[in-house]
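The structure appears right after this line, and notes come after that.
The values are calculated or read from the model by the stated rules, or taken from the named source; none is laboratory data. Values in this document were obtained by computation on a predicted structure and should not be read as measured data. Here the Cβ positions follow ideal geometry from the backbone for every residue, glycine too, while neighbour counts run over all protein chains shown. Just so you know, the surface numbers come from the protein's heavy atoms only, side chains and all, with ligands and any DNA or RNA stripped out. Shrake-Rupley method; radii C 1.70, N 1.55, O 1.52, S 1.80 Å.
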Amino acid sequence: MPDVGPFRAVRYARPSAAVVAPPYDVVSPAEREALAARDPHNVVHLTLDPSEEEAGRRFRAWLEQGVLVREQVPAVWALEQDYAGPDGVARTRAGLVASLAVEPYERGRVLPHERTHAGPKESRLRLLRAARAQLEPIFLLYDGDPPLAPPGRAPDLEVEGTRLWRLEDAAGLDGFFADRPLLIADGHHRYETALAYHAEERTPASARILVVLVSTSDPGLEIFPTHRVFSGRADLRGLAESGTTDLEGELAKLRRHSYAEPAAVAYAGGRARTLTGEAGLLDVELVDRFGQEGIAYTPDRREAVRRVDEGEADAAFLLRPTRIEDVFERARRGRLLPQKTTYFFPKLLSGLLFLPLEP
């Protein structure tokens with residue numbers, strides 16, 4: 001069974017909006033500079049320092065200086081995150097922050113759904129070695145109702161619409177995940193990095209990773225589409241030539257299209273056309289047949305169209321959200337999907353809790 005349990009968290013002594021940030025892999029260089037300038041203790045000084053060795057030294061120095069403090073008692077944490085999605089709808093997503101023992105995918109208890117790349121894992125492994133701590137949580141999904149809920153009191157931490165409650169009594173976790181595989185929603189590279197780190201260290205502490213667990217039945221859980229934009233691809237410019245100038249009408253048709261058959265709207269040269277494929281494929285797999293050369297990704301449909309209209313790109317593929325049940329079903333069969341198959345919004349905040357990997 002997946003080994004999920006409490007942990008003695010490290011956290012900021014004075015948590016605030018000035019010290020948190022989005023996950024390392026969605027922060028642009030310009031955003032990183034702005035966040036670093038916001039506060040000398042912003043978490044990007046740990047997660048995105050050009051020198052992983054310096055970031056590790058800084059993490060330990062902040063502990064010694066009292067910038068960071070360690071909880072005395074192990075706990076899991078109930079989490080709520082308020083947000084308005086790309087569709088403008090206000091929601092609250094709930095989850096649990098805990099420690100998980102990493103194990104190989106082959107055991108079938110932790111399931112990936114996207115392919116990974118070597119570069120990001122090399123950087124994260126250097127950071128793990130230097131900091132000897134998990135500095136950011138990964139995002140996991142499970143089926144079933146949550147085993148624990150926030151208590152009826154004020155949160156112990158509250159920053160930028162995210163609330164955390166310390167739950168020292170985690171008895172509700174006992175046996176709960178015995179028959180529940182965990183699907184990696186966000187954090188494939190960090191999970192595989194944790195596996196590599198544990199293979200080097202082989203200690204009980206090195207086996208742990210910081211996770212946020214969210215139920216697939218949580219009403220605040222939404223997947224949004226990630227659209228594909230291609231540049232330097234003259235071969236795609238005529239893809240929608242036989243289509244229509246009524247982009248909104250084509251998108252409405254896409255939304256009505258059955259998920260039993262993959263579909264996507266191709267947009268090029270000011271025209272739009274719905275492409276379909278054979279049953280059994282997902283929309284992202286249909287588009288993946290056009291290859292990866294010149295590809296870029298955006299969750300903003302209007303941005304994808306603008307790039308084509310202004311000549312920055314040759315073509316865009318506008319997609320529907322991938323359904324979580326389809327991702328889970330394929331992950332259980334060991335089927336990896338194209339990069340950016342899912343877009344979970346909002347991203348988890350970094351800088352609220354850290355998991356040390358030494359006693």
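Restricting attention to the range 307-347, the residues that are modelled with pLDDT of 95 or more, open to solvent by less than 30 Å² (accessible area, probe 1.4 Å) and not β-branched (Val, Ile, Thr) add up to 8. The single condition from (1) open to solvent by less than 70 Å² (accessible area, probe 1.4 Å); (2) aromatic (Phe, Trp, Tyr); (3) in a loop (DSSP other than H, G, I, E, B) that TYR267 fails is (3).
Among what's in the range 289-302 and is out of contact with any Ser or Thr (no Cβ under 8 Å at 6 or more places or on another chain) and open to solvent by 50 Å² or more (accessible area, probe 1.4 Å), pick the residue that is nearest to ARG233 (Cα to Cα). I'd like the intermediate steps shown before the answer.
Taking the range 289-302 as the starting set, the residues that turn out to be out of contact with any Ser or Thr (no Cβ under 8 Å at 6 or more places or on another chain) are 289-293, 295, 300-302.
Retained after the next criterion (residues that are open to solvent by 50 Å² or more (accessible area, probe 1.4 Å)): 289-290, 292-293, 300-302.
Numbers: ARG289: 14, PHE290: 10, GLN292: 10, GLU293: 8, ASP300: 21, ARG301: 19, ARG302: 20 Å.
Among those that are out of contact with any Ser or Thr (no Cβ under 8 Å at 6 or more places or on another chain) and open to solvent by 50 Å² or more (accessible area, probe 1.4 Å), it is GLU293.
Within the range 255-289, the set of residues being touching an Asp or Glu at 6+ places or on another chain (Cβ under 9 Å) and touching a residue at least 60 places away in the same chain (Cβ under 8 Å) comprises TYR259 only. All conditions in (1) among the basic types (Lys, Arg); (2) open to solvent by 50 Å² or more (accessible area, probe 1.4 Å); (3) more than 26 Å from the chain's Cα centre (by Cα) hold for ARG255, with the sole exception of (3). Scanning the range 174-204 for residues that are aliphatic (A, V, I, L, M), in contact (Cβ under 8 Å) with a residue 60 or more places away in the chain and open to solvent by 30 Å² or more (accessible area, probe 1.4 Å) gives ALA178, LEU195, ALA196. Among residues that are part of a helix (DSSP H, G or I), surrounded by 13 or more Cβ atoms within 10 Å (Cβ to Cβ), hydrophobic (A, V, I, L, M, F, W, C) and within 27 Å of the chain's Cα centre (by Cα), LEU286 is included. The number of residues in the range 109-128 that are of a type in the set (Asp, Glu) and open to solvent by 30 Å² or more (accessible area, probe 1.4 Å) comes to 1.
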